[in-house]
Amino acid sequence: MQRKLDAFKELLEIMDELREKCPWDKKQTLESLRKLTIEETYELGDAILQNNLQDIKKELGDLMLHIVFYSKIGSEKGEFDIADVLESINKKLVYRHPHVFGDVDVDGSAKKGEENWEALKLKEKGGNKRVLEGVPAAMPALVKANRIQEKVSGVGFDWEYKEQVWDKVKEEIDELSHEIKKANKDKIEAEFGDIFFALVNAARLYDVDPEAALERTNLKFMKRFNYLESNTLLKGKSLHDMSLAEMDVIWEEAKRREAPSQPSPKEKE
């Protein structure tokens, strides 16, 4: 524990020095740091997706620096300091975990714990807090859809059985097909949105992170396409000069290279 406290104390002291003596750090504001914090958060997300523990450690350090930086600016404004930040989250965690720090029984259920968390959040601010408050307006749409659904599920607004969500997905696809036939661009866009929202809901119900799932497919597609492009260039050709059928041959080759190798009949014996 002492090592952890010493390391944190050193970071606070370094920040004091930087804020006083470094021209770049001196001119930073809450607003100027915002976009950098978003970038660092995405870099942490990339490291997590790659399961690169050393990069995760590095990116967590970058985010920790930002937290200390914001707190330093807050203290200069006389509004809050790092102690206020830590005391606030400590108080919140204890309050929202009565099944750990109190006498509430959730029977070891993560679902009940989550529902209790959301119920306690609604009681804050004099009980006037709305269910969907706290969902950032600037949050990416896919992540926002998932968070919205988690929040409403926390107060019981959810499917009785997860399998029911597929009827909704099929319904939205049918509605999209209907609007495509009518060629109404505005309604086509709306129906695409409804399909995406329903699929995000399905992912949540099956305990899949839709953002991670989509990024996994993005990376897979990029890897295959890069293979296609590289092999085309090695043959002295350009993708612009190839037919779709020719590209499909290399694309299927890229897919086969990803498949785990199967043991030969002799190796099975």
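Read-outs: derived from the displayed coordinates by stated rules, not from any lab. Quick caveat, the model's predicted, so the values are computed rather than measured. Heads up, the Cβs are rebuilt from the backbone with ideal geometry, glycines too, and the neighbour counts pull from every protein chain shown.
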Distance between Cα centroids, the stretch 75-89 to the stretch 153-180: provide it in whole Å. 44
With a 19 Å threshold on alpha-carbon distance, the violating pairs from LYS4/LYS58; LYS9/LYS72; LYS26/LYS57; LYS58/LYS91; LYS35/LYS91 are LYS26/LYS57; LYS58/LYS91; LYS35/LYS91
To the nearest 20 debye, the stretch 130-208 has a Cα-centred charge dipole, built from +1 on Lys and Arg Cβ and -1 on Asp and Glu Cβ, of 280
For the chain, the dipole about the Cα centre with charges only on Cβ (Lys and Arg +1, Asp and Glu -1), to the nearest 20 debye, works out at 240
Dipole check, the chain, charges on Cβ (K,R +1; D,E -1), about Cα centroid: among VAL208, LEU44, PHE8 the Cα furthest to the positive pole belongs to PHE8
In terms of the Cα gyration tensor, with a ≥ b ≥ c the square roots of its eigenvalues, is the stretch 130-208 rounded because a/c is under 1.5, prolate because a/b exceeds b/c, or oblate? oblate
Measure nothing but the geometry: give the 0 to 90° angle between the long axis through the Cα atoms of 82-95 and the longest principal axis through the Cα atoms of the chain, rounded to 10°. 70
Mean separation of Cα contacts under 8 Å (6+ apart) over length of the chain, as relative contact order %: 9
Sort out for me the Cα centre separation of the stretch 16-41 from the stretch 216-248, rounded to whole Å. 42
Can you find, among GLY134, VAL85, TRP166, the residue farthest towards the positive end of the dipole of the chain? Put +1 on the C-beta of Lys and Arg, -1 on that of Asp and Glu. VAL85
Eligible aspartates and glutamates near LYS220 by straight Cα distance, threshold 17 Å, same-chain separation 8 or greater: ASP46, ASP209, GLU211, GLU229, ASP248, GLU252, GLU253, GLU258
Under the definition of Cα pairs under 8 Å and six or more residues apart, what whole-number percent is the relative contact order of the stretch 2-95? 22
Across all directions of projection, what mean area in square nanometres is found for the Cα convex hull of the stretch 212-262? 4.3
Values of log10 I(q)/I(0), in the order q = 0.12, 0.18, 0.20 Å⁻¹, for the stretch 2-95 under a Debye, Cα-only, solvent-free model: -0.45, -0.98, -1.14
Selection from MET222, THR232, VAL249, by position along the positive dipole direction of the stretch 212-262 (Cβ): MET222
